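Trainee: Got a structure for you, questions after.
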Amino acid sequence: MKFKAIIFDLDGVICSTDEFHFLAWKQLADSIGITNFTRADGDFQRGVSRMESLEILLRKSDRQFSDEEKLALAEQKNCIYRQMLGTMSEADLSENVRTTLVALRKSGKKLAIGSSSKNTMYILERLGFGSFFDAVVDGNMISRGKPDPEVFLKAAERLGLPPEDCLVVEDAAVGVEAGAAGGFSVAGLGEAAGCEKTAYPLGTFADLLAIMQ
Ligand code: BG6
Ligand code: MG
């Protein structure tokens, strides 16, 4: 057996909250006169911290914003985003993800989350998975965001395993970079399936079962 554990990214891997992120940033963009914020711009925000995501959005504005204003804008976006998260329930965890996670757990693998999001626990609770994972490391616990490997290294440490025993699962290019920089093998979904450093491109989340056998 090659891997003893999996460390999952959250947004875009376990759940589709990446769509809520985009919609919330889009609403914020409209409110400050940025009308040309597109899904392609949103793709650059995948995996990176809230403040870095804001910087990506503000590149589309002619205005300069002070640090205080930026904090207020990030807070505004988070309020919109949290309202969207509030509509989520256990039904929002796809059957594919749920059955795969349960099967992996039954096979004795350790399962962890390594996410940049400060809303990680809130999201896991809404999905009914608040106490499912063996370790959860999120945006509140790290000082350097992806592509720095800190979040994944901390998760592996909490599992008591070296990186080579853990598979990282990502949907973002910066997440693949982070996993590879930490010495992890990386499985990629969506755009991450096509990254050079992705060892295991995934067509669907359930493909993990074959890799972990
Ligand atoms: C990542 C998302 O998981 O979390 C990013 O891919 C997001 O788009 C980041 O900016 C931070 O999320 P939050 O919930 O702390 O604003
Ligand atoms: Mg992601």
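Computed from the coordinates by the stated procedures, all read-outs in this text should not be read as laboratory data. Every value quoted in this text rests on a predicted model; they were computed, and no experiment measured them. Quick reminder, even Gly has a Cβ in these numbers, built from the backbone with ideal geometry, and neighbours come from all protein chains shown.
Trainee: Looking only at residues in segment 149-166 that are touching a residue at least 60 places away in the same chain (Cβ under 8 Å) and touching a helix residue (DSSP H, G or I) at 6+ places or on another chain (Cβ under 7 Å), which one is nearest to residue 135 (Cα to Cα)?
Mentor: The extreme case among them is 156.
Trainee: Name the single residue that is nearest to residue 62 (Cα to Cα) among those in segment 11-48 being of a type in the set (Gly, Ala, Ser) and surrounded by fewer than 19 Cβ atoms within 10 Å (Cβ to Cβ).
Mentor: Per the stated criteria, the residue is 33.
Trainee: What helices (runs of 4 or more DSSP H) lie completely within segment 1-111 and have 3 or more residues being more than 16 Å from ligand 2 (Cβ to nearest atom)?
Mentor: 17-31, 50-58, 67-85, 95-106
Trainee: How many residues are within 12 Å of ligand 2 (Cβ to nearest atom) and either assigned to a strand (DSSP E or B) or surrounded by fewer than 21 Cβ atoms within 10 Å (Cβ to Cβ) (or both) if we restrict to segment 146-173?
Mentor: So the count comes out to 3.
Trainee: Here is a follow-up. When residue 140 is evaluated against the numbered criteria (1) under 21 Å from residue 51 (Cβ atoms); (2) within 13 Å of ligand 2 (Cβ to nearest atom), which criterion, by number, is the only one it fails?
Mentor: Of the numbered conditions (1) under 21 Å from residue 51 (Cβ atoms); (2) within 13 Å of ligand 2 (Cβ to nearest atom), the odd one out for residue 140 is (2).
Trainee: Residue check, residue 135 against (1) in contact with a strand residue (DSSP E or B) (Cβ under 8 Å, 6 or more places away or on another chain); (2) within 16 Å of ligand 2 (Cβ to nearest atom); (3) of a type outside the set (D, E, K, R), all met but one. Which one?
Mentor: Tallying (1) in contact with a strand residue (DSSP E or B) (Cβ under 8 Å, 6 or more places away or on another chain); (2) within 16 Å of ligand 2 (Cβ to nearest atom); (3) of a type outside the set (D, E, K, R), residue 135 fails exactly one: (2).
Trainee: Is there a residue being closer than 29 Å to residue 197 by Cβ, in contact with a helix residue (DSSP H, G or I) (Cβ under 6 Å, 6 or more places away or on another chain) and not aliphatic (A, V, I, L, M) anywhere in segment 91-101?
Mentor: Within segment 91-101, one or more residues are closer than 29 Å to residue 197 by Cβ, in contact with a helix residue (DSSP H, G or I) (Cβ under 6 Å, 6 or more places away or on another chain) and not aliphatic (A, V, I, L, M).
Trainee: Looking at segment 1-26, which of the residues that are under 16 Å from the mean Cα position of the chain (by Cα) and free of Cβ contacts under 8 Å to residues at least 40 places away in the same chain is farthest from residue 71 (Cα to Cα)?
Mentor: Checked segment 1-26; the qualifying residue farthest from residue 71 (Cα to Cα) is 19.
Trainee: Hey, among 151, 174, which residue is within 11 Å of ligand 1 (Cβ to nearest atom), in contact with a Pro (Cβ under 8 Å, 6 or more places away or on another chain) and either among the small types (Gly, Ala, Ser) or within 23 Å of residue 195 (Cβ to Cβ) (or both)?
Mentor: 174
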